[in-house]
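Asker: I have a structure here, written as structure tokens, and I will follow up with some questions on it.
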Amino acid sequence: MHYKLYIIDNSYAFLGSLNFTRKGLFDNYESCITIKDEKVVKKLSDYFDYITNISCRQVDISLWGRIIHGEPIN
């Protein structure tokens, strides 16, 4: 099981194994907590921004097609 973080309008956070699919919402057994405290949601959002900034490289959107299709990037 791996967890996901969903942040809605910087007001609500959902943290758990839930996928937002029909099966995830209605068929599967999942765990999920809802967080409504905006200070906690802000901390989660800031932490998410921090970890994505240190671990994800930035890619120019105009290059996506070339990357996906294996074309050389000049």
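Asker: All but one of (1) modelled with pLDDT under 90; (2) over 24 Å from ASP9 (Cα atoms) hold for ILE54; which doesn't?
Answerer: Going through the list (1) modelled with pLDDT under 90; (2) over 24 Å from ASP9 (Cα atoms), ILE54 breaks only (2).
Asker: If I go through region 22-57 residue by residue, how many of them are touching a residue at least 24 places away in the same chain (Cβ under 8 Å) and part of a helix (DSSP H, G or I)?
Answerer: Final tally of qualifying residues: 7.
Asker: Let me ask something additional. Checking TYR12 against (1) of a type in the set (Phe, Trp, Tyr); (2) touching a residue at least 24 places away in the same chain (Cβ under 8 Å); (3) in contact with a Cys (Cβ under 6 Å, 6 or more places away or on another chain): exactly one of these is not met. Which one?
Answerer: Every listed condition holds for TYR12 apart from (3).
Asker: Can you pull out the residues in region 54-64 that are under 25 Å from ILE7 (Cβ atoms) and either touching a strand residue (DSSP E or B) at 6+ places or on another chain (Cβ under 8 Å) or surrounded by fewer than 10 Cβ atoms within 10 Å (Cβ to Cβ) (or both)?
Answerer: Scanning region 54-64 gives ILE54, SER55, CYS56, ARG57, GLN58, ILE61.
Asker: Criterion first (under 19 Å from the mean Cα position of the chain (by Cα), surrounded by 10 or more Cβ atoms within 10 Å (Cβ to Cβ), at pLDDT 90 or above and part of a loop (DSSP other than H, G, I, E, B)) does ASN19 satisfy it?
Answerer: no
Asker: Return the only residue of ILE67, ILE51 being among the hydrophobic types (A, V, I, L, M, F, W, C) and either surrounded by fewer than 11 Cβ atoms within 10 Å (Cβ to Cβ) or within 18 Å of the chain's Cα centre (by Cα) (or both).
Answerer: Of the residues listed, the single one that is among the hydrophobic types (A, V, I, L, M, F, W, C) and either surrounded by fewer than 11 Cβ atoms within 10 Å (Cβ to Cβ) or within 18 Å of the chain's Cα centre (by Cα) (or both) is ILE51.
Asker: Please give the number of the condition GLY24 fails out of (1) at pLDDT below 95; (2) surrounded by fewer than 13 Cβ atoms within 10 Å (Cβ to Cβ).
Answerer: All conditions pass for GLY24, except number (2).
Asker: Could you look through region 33-42, keep only residues that are surrounded by 14 or more Cβ atoms within 10 Å (Cβ to Cβ) and of a type outside the set (D, E, K, R), and pick out the one that is nearest to ILE7 (Cα to Cα)?
Answerer: Filtering first and then ranking leaves VAL41.
The values are calculated or read from the model by the stated rules, or taken from the named source; none is laboratory data. Please read all numbers here as calculations on a predicted model, not as lab measurements. Virtual Cβ from ideal backbone geometry, glycine too; neighbours counted across all protein chains shown.
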